Every structure is written in C-alpha cells, then in structure tokens.
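Worksheet: the structure to be examined is printed underneath.
The values are calculated or read from the model by the stated rules, or taken from the named source; none is laboratory data. What you are looking at is a predicted structure, and each value in this text was computed from that prediction instead of being measured. Neighbour counts run over all protein chains shown; Cβ positions are idealised from the backbone, glycine included. Surface areas here come from the heavy atoms of the whole protein model, side chains and all, with no ligands, DNA or RNA. Shrake-Rupley method; radii C 1.70, N 1.55, O 1.52, S 1.80 Å.
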Amino acid sequence: MKTILASGSPRRKELLSLITPKFEIIVSGVDESLKEGLTPEQQTERLAYIKAKDVFEKTSGDRIVIGSDTIVTKKGKIYGKPKSRENAIQMIKELLEGDRTHSVITGLSILIEKDGVYKEYKTFDEVKVFLKEMSEQEIEKWVDSGKAMDKAGAYGIQNEFCVFVDKIDGNYTSIVGLPTQKVYDVLKNY
C-alpha cells in the first residue's frame, strides 16, 4: 500500500519521514482560499481535506493520502502567509499584543482506499503558543531574514524564531505543520 503526502512542504515531508520512511509527494492544485463563515478549526479541516481529496482523485489503487493545512489565529482573526514585509511586521506585532498568546491550528485529512474499501479521517489539532516580548529591531531583523514570508503568522517555530517562543501548550509537530501523533494513530493500522 502506498502512502502519499499531498503537500510540497519540506517541513511536512520531514515530519512524515519520522513515521514512515517510504512515501510519495504529490502537491495538490486546489485553491486554498478561506471560505466565509467557517471557524478557524473548520477552515483547516476543509483545506486539509480538499488537498487530500484532489490528490486522492488523481491516483488509484490501494493508497493512503495525507493532507494538512496550518493557520495561526488570535481573537478570531486568521493569519495566513504575509503578503509583504510590512504585512509580516504587522502580523508579528499583533501576535505580541496583550498576553502575547495565540493558537496554531493544523487540520489533517487522511483518505484511505484498501481492497476497494474507502475511509476518511478528518480532524485538527490546536496548540497555544506563548511569545516573549520582541523589540522593533528584533521583529524587523526576523522579517528581513526572509524566513517569515512562506509561513502562516509570519514565523516558524522550527527555525531562529524559536528564541522568541516562551512556551507552548500542545504538540510541537502540529505547530510545524503535521500532527504526527494523529497521523501515527491512523497509519499504524495499515
């Protein structure tokens, strides 16, 4: 049975390799726009599902297709990937407001066909992130590193930004982009 990761993310690839050494990568071509009226949790579940479904429908045979999507949210506002340097700086400043906490929510969909039987697993994992104070200079230095632009919320916990994370409440791999604990629970049965 083949396993397929429906993502081009190097971080998701690395995390999945911790669970299973052999898998294919097929990037979905779906529109990842947010849908009005959905909660952040519903947004991530929906996006993870449509990515996995797109790849599932392009493949055949016994297979496991894994889709995932991560968003950052604070007080109901969703933070996607920044569109500009100024937008990235503003995102970081907003995440630092008040108690300096926000949530990272990663949706997960695993679609399986084995011996003609189809199964779907759809869920999400939420992690609370507590940031340390950052000076204007530290924010600008981070954004100018170029590593803020391809990440939801304009940061990645797995790189140099980690020095600004005071603590987390939840699973680290969910912040990085793939809730390995949930993926493992499904894959171990196959």
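Worth a mention:
- For Gln137, the shell of other residues with beta-carbons less than 15 Å away shows a net charge of -2, using +1 for Lys and Arg and -1 for Asp and Glu.
- In the range 1-147, Cα pairs under 8 Å separated by at least six residues give a relative contact order of 24 percent.
- Stretch gain in nm, segment Gln42-Gln158, where the contour uses 0.36 nm per residue and the Cα spacing is subtracted: 39.3 nm
- Alpha-carbon Rg with Dmax, taken over the range 81-164, Å: 17.0, 57
- Rg/Rh for the range 1-98, where both radii come from Cα atoms and Rh is the Kirkwood radius: 1.05
- Taking each of Lys81/Lys167; Lys81/Lys119; Lys13/Lys147; Lys51/Lys77; Lys74/Lys147; Lys77/Lys132 in turn, the alpha-carbon distance tops 28 angstrom for Lys81/Lys119.
- Straight Cα distances below 17 angstrom link Lys93 to the aspartates and glutamates Glu133, Glu136, Glu138, Glu140, Asp144, Asp166, with same-chain residues fewer than 8 positions distant left out.
- Glu138 accessible area, assembled protein chains, probe 1.4 Å, Å²: 70
- Over all pairs of different C-alpha atoms, the range 141-189 has a mean inverse distance whose reciprocal, the Kirkwood radius, equals 12.3 Å.
- Of the options [x] 10.7; [y] 8.9; [z] 16.8, only one is mean projected area of the Cα convex hull in nm² as computed from these coordinates, and that is [x].
- Long-range Cα-Cα pairs in the range 53-129 (distance over 20 Å), rounded percent: 49
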